[in-house]
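The values are calculated or read from the model by the stated rules, or taken from the named source; none is laboratory data. Predicted model, so just to flag it, every value in this text is computed and none were measured. Here the Cβ positions follow ideal geometry from the backbone for every residue, glycine too, while neighbour counts run over all protein chains shown. Quick note on the areas: whole protein, heavy atoms, side chains included, nothing else; ligands and nucleic acids left out. Shrake-Rupley method; radii C 1.70, N 1.55, O 1.52, S 1.80 Å.
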Amino acid sequence: MQRLCDIIHAQQLTDHIYAITLEAGELGRLAQPGQFLHVRCGGDVLLRRPISVCDAENETLKIVFEVKGAGTRWLAEKTSGQLDILGPLGTGFSVEGQHILLVGGGIGTPPLLYAARAAKGSTTAILGFGSRSQVILQDEFQTICDNVILTTDDGSAGEPGQVTGPLENELQSGTYDMVLTCGPKPMLRAVANLAAQYNVPCQVSTEERMACGVGACLGCTVTMRNGDNLRACADGPVFDAGEVNWDV
Amino acid sequence: MCDLRVSFAGIAFANPIVVASGTYGFGREYQEYLDLNELGGICVKGLTLHPRAGNLAPRIAETPMGMLNSVGLQNPGVDAFIRDELPWLRQFNTKVIANLSGNTVEEYGILAQKLSDAGVDLLEVNISCPNVKEGGIAFGTTVEGARAVTEMVRRNSTVPIMVKLSPNVTDIAAIARAAEDAGADALSLINTLLGMRIDIHTRRPILRNNMGGLSGPAVLPVALRMVYQVASAVNLPILGMGGVATGADAVEMMLAGADLVALGTACFVDPLAPLTAKQGLTDYLARHNITQVTELTGKVALHA
Ligand SMILES: Cc1cc2nc3c(=O)[nH]c(=O)nc-3n(C[C@H](O)[C@H](O)[C@H](O)COP(=O)(O)OP(=O)(O)OC[C@H]3O[C@@H](n4cnc5c(N)ncnc54)[C@H](O)[C@@H]3O)c2cc1C
Ligand SMILES: Cc1cc2nc3c(=O)[nH]c(=O)nc-3n(C[C@H](O)[C@H](O)[C@H](O)COP(=O)(O)O)c2cc1C
Ligand code: FES
């Protein structure tokens, strides 16, 4: 669907990360965890920018994004008025499972919040950031999840190091029946490998450059083990980790 | 009331607004955004004899007011199109234009036969894809290649054929004349312009394919110039495209010599772009008391 959504709240979370809450009408009710919005940005920016649904409640949608280039910079400065949104798009997380492990890295953590909220089973979140000043959404995860483990690369908050340490500990406990993960590609790959090692199904949320966002242009493909190139915007962005070809 | 109908290579288009090949899939993805019956025609994703997986990602790079793509003709193959997509597309009151691409001249012949037998309205012969190693653009950059492919398609098609020209040539009029001589019923242009972008931090091209085809508003002036040159060189109807996003752009394209106008990249920015362009075109006609849209074609008045 396409809709002009009113910005009802805009907030800066860290030096580079911002949150926007939208009055999104039906889009809010339709949104599933792991889906994304294709956001038209102003200025000289031509293509829309894909941003995950971080949270949804009735007719509101929240997005959290990091300023990377011209598009997200424009978005960060847009604190009122309306945004032209296509969405909710893509195939998101299936949140089935009794004991779900959520693994997020940096700006990959936002979509896991809505997954945690939608999950019926118990949830443990392992959230990794560079350092204390980059931590986002910690309170929100703590409110929703049964257990939250924070890591920072420099040890300035939570456990020092990357998410893979605590992840292996949790997987060793043997109680989990699903892993959901989003973050930088090397992290996704490491999480997928560990989950496979412990025989726990794993869903990864992938990132590819997009044009149409609706499945028409074949610009955003992710290569699968069987050689198929599937569309991150329609068949994904969430894929079964075991089906993704991590070596291309 | 303005009359938007265009007779193009003997086919009755309800209006001149078409969507460009490769930007609209087989139409399915956009049906929830707009009524496909409103489109004059749909150029479907480029079809090949066998299914193609296309190139590795990243396949998209943004550019100033444009984009590069290196999709590489990913498609399910002509038979799957005829079986799974064409019957569905046929429910709409819009012209179905099948875009085809061969590795060899013979493959173009087989594709033309299959597609015209299957009952598409028009063939768009892609001799201009910059993203595949064999075939594609190789045929579109020489007079001999363009002639050989056009003759082969002509012999094997029972429906009108339109040859899609590459802008990556020094003399597009010469290629256009070769296609005309070889029996083309119409021409479409432009396909994408070969381009490149480099990530300055990694020093690697953004596209995994290193190079890709440029499209979007940035290419409009190049497309206008080429449509004008081709319209001046041949006596064939023209489907003009390249950077068209608005009704004003469509008017400009028609003044340059186009009979029909396609939007591609503009659909990514706004799925409703074809309809807003159609409305903009209608408003322009009304404002200028023009009763027939066909009156615009080729009416640019050059400076002396
Ligand atoms: C399904 C999906 C969900 C996403 N969710 C979020 C999110 O919740 N929060 C967030 O901060 N970011 C998210 N991203 C990444 C975000 O889309 C990019 O950071 C953003 O497009 C960069 O735009 P820019 O203009 O700031 O940067 P520029 O570098 O100027 O962008 C240039 C072009 O490259 C594309 N691009 C650059 N980086 C990426 C990237 N990592 N992924 C996809 N396209 C890229 C842009 O869309 C644009 O077309 C998501 C990406 C995808 C595919
Ligand atoms: C993602 C993408 C895929 C394309 N695929 C094809 C194709 O399969 N066959 C073809 O003839 N042209 C293809 N094109 C070219 C377009 O049909 C059109 O000629 C070009 O994009 C210029 O128009 P535009 O600026 O309005 O997009 C593709 C363009 C894009 C952007
Ligand atoms: S962005 Fe066009 S198919 Fe995914």
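What the table shows:
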| quantity | calculated |
| --- | --- |
| Residue within region B:229-236 that is within 14 Å of chain A (Cβ to nearest Cβ) and in a helix (DSSP H, G or I) present | no |
| Options A:LEU167, A:LEU150: the member that is open to solvent by less than 40 Å² (accessible area, probe 1.4 Å), at pLDDT 95 or above and in a strand (DSSP E or B) | A:LEU150 |
| Failed item, numbered, when A:SER156 is tested on (1) over 17 Å from A:VAL200 (Cβ atoms); (2) not in a loop (DSSP other than H, G, I, E, B) | (2) |
| Region B:10-28 residues that are away from chain A (no Cβ under 11 Å), paired with ones that are in a loop (DSSP other than H, G, I, E, B) and of a type in the set (A, V, I, L, M, F, W, C) (beta carbon under 6 Å, 6 or more apart) | B:ASN15/B:LEU4 |
| One residue from A:LEU86, A:LEU46, A:LEU101 being within 16 Å of ligand 3 (Cβ to nearest atom), crowded, with 22+ Cβ neighbours inside 10 Å and part of a strand (DSSP E or B) | A:LEU86 |
| Meets criteria (of a type in the set (D, E, K, R), within 16 Å of ligand 1 (Cβ to nearest atom) and touching a residue at least 60 places away in the same chain (Cβ under 8 Å)) for B:ARG204 | no |
| Residues of region B:83-104 that turn out to be touching a helix residue (DSSP H, G or I) at 6+ places or on another chain (Cβ under 9 Å), open to solvent by 30 Å² or more (accessible area, probe 1.4 Å) and β-branched (Val, Ile, Thr), as a count | 0 |
| Filtered residues of region A:208-219 (kept if at the interface with chain B (Cβ under 7 Å from one of its Cβ atoms) and touching a residue at least 12 places away in the same chain (Cβ under 8 Å)) | A:GLU208, A:MET210, A:ALA211, A:CYS212, A:VAL214, A:GLY215, A:LEU218 |
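Here's the yes/no breakdown for (1) over 18 Å from the mean Cα position of the chain (by Cα); (2) of a type in the set (Phe, Trp, Tyr); (3) assigned by TED's automatic domain parsing to the domain that holds A:ILE107:
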residue	(1), (2), (3)
A:VAL179	no, no, yes
A:PRO184	no, no, yes
A:ARG189	no, no, yes
A:LEU194	yes, no, yes
A:GLN197	yes, no, yes
A:CYS212	yes, no, no
A:CYS217	yes, no, no
A:VAL222	no, no, no
